[in-house]
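Have a look at the structure below, then the notes.
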Amino acid sequence: LTADVAHELRTPLQIIQGNLEGLVDGVYQPTPEHLEATLAETKLLARLVEDLRVLSQAEAGQLPMQWEVIDVSELLNDVATSFSGQAQAAEITLTVDAPGQVSALDTAAAPALRLRGDYGRLEQVLGNLLTNAIRHTPEGGTVTLQGGPGPQGVRLVVADTGEGIAPEDVPYVFDRFWRADRARTHGEGTGSGLGLAIARQLIQAHGGVIAVQSTLGRGTAFTIDLPSAT
């Protein structure tokens, strides 16, 4: 882990140092573009440090949680609303399928489904899964948020019609710093590499489990099983 962290910190630190040295030496002018590029790297560094903090607290069972009864439909719709602009910009259809929703074709919606959890942490998990789904789904594709009864009480699913994950990579998707395309860098929008590791720890903190199924070239589905509110 220490070697992985050192590797991940090195790239943004080198970019920040190089930019600042260039400004001091007069190689670069302190233009808004150069300053914004340096600021972007400091934000990436801060996000990586925060992700490491959350992951270490979750693994140690010391992450503060704010427990409440959560309406599954409300949770999924809130997350979808937050990502609707991102999906629209990517020309991807984002849909929600959850109990308790009323549509023009179904005025007798199923009863609301509820679970007990930390609303913000569950939003974080679903947001991370949605970010990945949108990133890896081509234009014209679909990302779906589903909620319904499951073997533990409640099942949440984030499914996409994207590029999928190679079978040999599927067992490692929840590992720290794992990336399907190891040649990619932070600058290409791959994130810290800790999102899915954090997602697994947060779901485990809720007494649940998270799993993934994927078919290369056809799409990926992340399934979360959580206890329902009693």
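The values are calculated or read from the model by the stated rules, or taken from the named source; none is laboratory data. This is a predicted model, so every value here is computed, not measured. Heads up, the Cβs are rebuilt from the backbone with ideal geometry, glycines too, and the neighbour counts pull from every protein chain shown. These area figures cover heavy atoms from the full protein model, side chains too; ligands, DNA and RNA do not enter into them. Shrake-Rupley method; radii C 1.70, N 1.55, O 1.52, S 1.80 Å.
Residue count for the range 157-181 satisfying the condition of being in contact with a helix residue (DSSP H, G or I) (Cβ under 7 Å, 6 or more places away or on another chain) and either without any contact (Cβ under 8 Å) to a residue 60 or more places away in the chain or in a strand (DSSP E or B) (or both): 7.
Of Val49, Val79, all but one fail to be within 30 Å of Val154 (Cα to Cα), of a type in the set (A, V, I, L, M, F, W, C) and part of a helix (DSSP H, G or I); the exception is Val79. Scanning the range 120-140 for residues that are closer than 17 Å to Val72 by Cα and open to solvent by 50 Å² or more (accessible area, probe 1.4 Å) yields Glu123, Gln124.
Looking only at residues of the range 54-76 that are among the hydrophobic types (A, V, I, L, M, F, W, C) and not in a helix (DSSP H, G or I), we find that the one that is surrounded by the most Cβ atoms within 10 Å (Cβ to Cβ) is Ile70.
Each residue in the range 8-33 was checked for being closer than 28 Å to Leu52 by Cβ and either surrounded by fewer than 15 Cβ atoms within 10 Å (Cβ to Cβ) or not β-branched (Val, Ile, Thr) (or both), and 11 pass. Close contacts from the range 196-211, counting a first residue that is at positive phi and a second that is buried (at least 23 other Cβ atoms within 10 Å of the Cβ) and not polar (S, T, N, Q), with Cβ to Cβ under 8 Å and a gap of 6+ residues or different chains, come to Gly207/Leu226. Of everything listed in (1) open to solvent by less than 30 Å² (accessible area, probe 1.4 Å); (2) under 19 Å from the mean Cα position of the chain (by Cα); (3) at pLDDT below 90, the single unmet condition for Pro99 is (2).
Residues in the range 194-230 that are of a type in the set (D, E, K, R) and either under 17 Å from Tyr172 (Cβ atoms) or in contact with a Cys (Cβ under 7 Å, 6 or more places away or on another chain) (or both): Arg200 alone. Residues in the range 110-156 that are hydroxyl-bearing (Ser, Thr, Tyr) and at pLDDT 95 or above: Tyr119, Thr137, Thr142, Thr144.
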